[in-house]
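What follows is a single structure, written as structure tokens, with notes after it.
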Amino acid sequence: MALGCILLYGWPVASFGQPDLEGIWGIDRTLFRQYSEVRYTEEGQRRHDAYDVLVDDFSYQCIPSGLGRAWDEPDTVVKIEQFEDRVVIQYEMFDLVRTVYLNQNGHPVELIPSTVNIHGEPMPTMGHSIGWYEGDTLMIETIGYARGNITTLLRYPPQSMALRSIERIYRDESDRLVVNIDWVDPITLAEPLVSTNRYLRSKFDLTVYGCIKEEFDHE
Amino acid sequence: MLRNLVLTILFSTPALLCAHHSVALVFSQERITFEGSIKELKWVNPHSSFILEVAKEDGTKEEWLVELLARIALERGGWNLDELQNGWNITLTGRIGYRDRALRFVEARLPDGRTLRERSPLDPSDKKIFSR
């Protein structure tokens, strides 16, 4: 039916001639956390081996370990809003708001994180992002990451400050959102890592997540 | 400066018991079943949790941390948060954690005989929350 609608009315586009990616999306459990095989550099292997998820997980501070972790989240939703000059991506987990400005003339000299939490605190592990459209695809380049882990679900590839990622975000023929990411990190990865997640339109609204680290401690 | 801020936060705060992590990385597949009493229920994000107080054969008591899904996930998955109450005696089955005396909630037999399970809101299966 979705394909029929597309054929009848054309591909949905948001205002400003952009492909329409807006909505509230929840992960599609039939295609998520798909990562290519991780090949570490010597330094990457050392950092991987030194990582103790029971102690080092940034989630203890209500901070995402990295951008991949934000996209990998299985139980909360992501909201995308498109404007003429920017795209705002809200990750319900940790109440993250990521603002990606479009058609910039490269990254600024000072790489201020593009993502803040509900208190306006910057999230350096999410890096600085700029975006542009290529046909029906939103492209986002992110650099300026702080050290962390690309994700901490099922695996925990470390990320260095040299990490660069390219996201390709588009809708497929069944009105699902696809997020494909290339991860290049010469410090930790011997070859680029590729990840893919797919999302369905969510029946849930975006809510306040309210992670307060003092609340979940029993010590 | 921002990097230093994160590192300062990370290394200046003691480890907490619950965080938002991969279940597979933090809990083994091995299951164990205890009878015990619930206390310190916390319906929070990123993980809800409670302490299960278990009476040992020698008369002493042992506390186990029981971790569940996030509050937001439990509610969207159909849980009524009144289904568990502090002070209730339950029979709990959980996955043993790599951390000492930590369990991942699998199911609990409640005082009324029902068995309560988790269900993620995005789980496409029609897994039931309760059974008898």
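Of all residues in segment A:178-219, which are assigned to a strand (DSSP E or B), surrounded by fewer than 22 Cβ atoms within 10 Å (Cβ to Cβ) and within 14 Å of chain B (Cβ to nearest Cβ)?
Matches in segment A:178-219: A:Arg198, A:Leu200, A:Arg201.
How many residues are more than 7 Å from every other protein chain (Cβ to nearest Cβ), touching a Phe, Trp or Tyr at 6+ places or on another chain (Cβ under 6 Å), among the hydrophobic types (A, V, I, L, M, F, W, C) and surrounded by 17 or more Cβ atoms within 10 Å (Cβ to Cβ) when one looks only at segment B:21-75?
Residues of segment B:21-75 that are more than 7 Å from every other protein chain (Cβ to nearest Cβ), as a first pass: B:23, B:27-39, B:41, B:43, B:48, B:50, B:52-64, B:66-68, B:71, B:74-75.
If we keep only those that are touching a Phe, Trp or Tyr at 6+ places or on another chain (Cβ under 6 Å) too, we end up with B:38, B:41, B:52, B:54, B:66, B:68, B:71.
Right, trim to among the hydrophobic types (A, V, I, L, M, F, W, C) and you get B:38, B:41, B:52, B:54, B:66, B:68.
The next check asks that each one be surrounded by 17 or more Cβ atoms within 10 Å (Cβ to Cβ); those that pass are B:38, B:41, B:52, B:66, B:68.
Residues flagged as more than 7 Å from every other protein chain (Cβ to nearest Cβ), touching a Phe, Trp or Tyr at 6+ places or on another chain (Cβ under 6 Å), among the hydrophobic types (A, V, I, L, M, F, W, C) and surrounded by 17 or more Cβ atoms within 10 Å (Cβ to Cβ) within segment B:21-75 amount to 5.
Looking at (1) in a loop (DSSP other than H, G, I, E, B); (2) more than 18 Å from A:Thr41 (Cβ to Cβ), which is the one condition that is false for A:Ala162?
Evaluating A:Ala162 over (1) in a loop (DSSP other than H, G, I, E, B); (2) more than 18 Å from A:Thr41 (Cβ to Cβ) leaves (2) as the failure.
Where in segment A:15-108 are there helices (runs of 4 or more DSSP H), lying wholly inside it, with at least 2 residues that are at pLDDT 95 or above? Before you say what the answer is, go through the steps one by one.
Details: elements: A:42-50, A:53-56, A:67-72.
Here the list reads A:42-50, A:67-72.
In this structure, is A:Pro158 in contact with a Gly (Cβ under 7 Å, 6 or more places away or on another chain) and within 16 Å of A:Arg39 (Cα to Cα)?
Values: in contact with a Gly (Cβ under 7 Å, 6 or more places away or on another chain): yes; within 16 Å of A:Arg39 (Cα to Cα): yes.
Spelling it out, A:Pro158 is indeed in contact with a Gly (Cβ under 7 Å, 6 or more places away or on another chain) and within 16 Å of A:Arg39 (Cα to Cα).
Among the residues of segment A:48-87, write down those that are without any contact (Cβ under 8 Å) to a residue 40 or more places away in the chain and in contact with a Pro (Cβ under 9 Å, 6 or more places away or on another chain).
Listed by number, the residues that qualify are A:Ala50, A:Asp75.
Yes/no matrix, rows are residues, columns are (1) at pLDDT below 90; (2) on the phi < 0 side of the Ramachandran plot; (3) not small (Gly, Ala, Ser):
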| site | (1), (2), (3) |
| --- | --- |
| B:His47 | yes, yes, yes |
| B:Val54 | no, yes, yes |
| B:Thr60 | no, yes, yes |
| B:Val66 | no, yes, yes |
| B:Ile72 | no, yes, yes |
| B:Gly78 | yes, no, no |
| B:Leu84 | no, yes, yes |
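May I ask you to verify whether A:Ile112 is surrounded by fewer than 21 Cβ atoms within 10 Å (Cβ to Cβ), at pLDDT 95 or above, closer than 17 Å to A:Gly66 by Cβ and aliphatic (A, V, I, L, M)?
Details: surrounded by fewer than 21 Cβ atoms within 10 Å (Cβ to Cβ): yes; at pLDDT 95 or above: yes; closer than 17 Å to A:Gly66 by Cβ: no; aliphatic (A, V, I, L, M): yes.
Considered against the rule, which asks whether it is surrounded by fewer than 21 Cβ atoms within 10 Å (Cβ to Cβ), at pLDDT 95 or above, closer than 17 Å to A:Gly66 by Cβ and aliphatic (A, V, I, L, M), A:Ile112 comes out as no.
Would you mind stating whether A:Ile140 is of a type in the set (A, V, I, L, M, F, W, C), over 14 Å from the mean Cα position of the chain (by Cα) and either surrounded by 22 or more Cβ atoms within 10 Å (Cβ to Cβ) or in a loop (DSSP other than H, G, I, E, B) (or both)? Let's see the steps before the verdict.
Working: of a type in the set (A, V, I, L, M, F, W, C): yes; over 14 Å from the mean Cα position of the chain (by Cα): no; either surrounded by 22 or more Cβ atoms within 10 Å (Cβ to Cβ) or in a loop (DSSP other than H, G, I, E, B) (or both): yes.
Here the answer is no, as A:Ile140 does not meet what is asked.
Please count how many residues of segment A:29-52 are closer than 25 Å to A:Val77 by Cβ and surrounded by 18 or more Cβ atoms within 10 Å (Cβ to Cβ).
Initially, segment A:29-52 is screened for residues closer than 25 Å to A:Val77 by Cβ, giving A:29-35.
Narrowing further to those that are surrounded by 18 or more Cβ atoms within 10 Å (Cβ to Cβ): A:32-33, A:35.
Selection size over segment A:29-52: 3.
The values are calculated or read from the model by the stated rules, or taken from the named source; none is laboratory data. Here the structure is a predicted model, which means the values were calculated and not measured. Cβ: placed from backbone, ideal geometry, glycine included. Neighbour counts: every protein chain shown.
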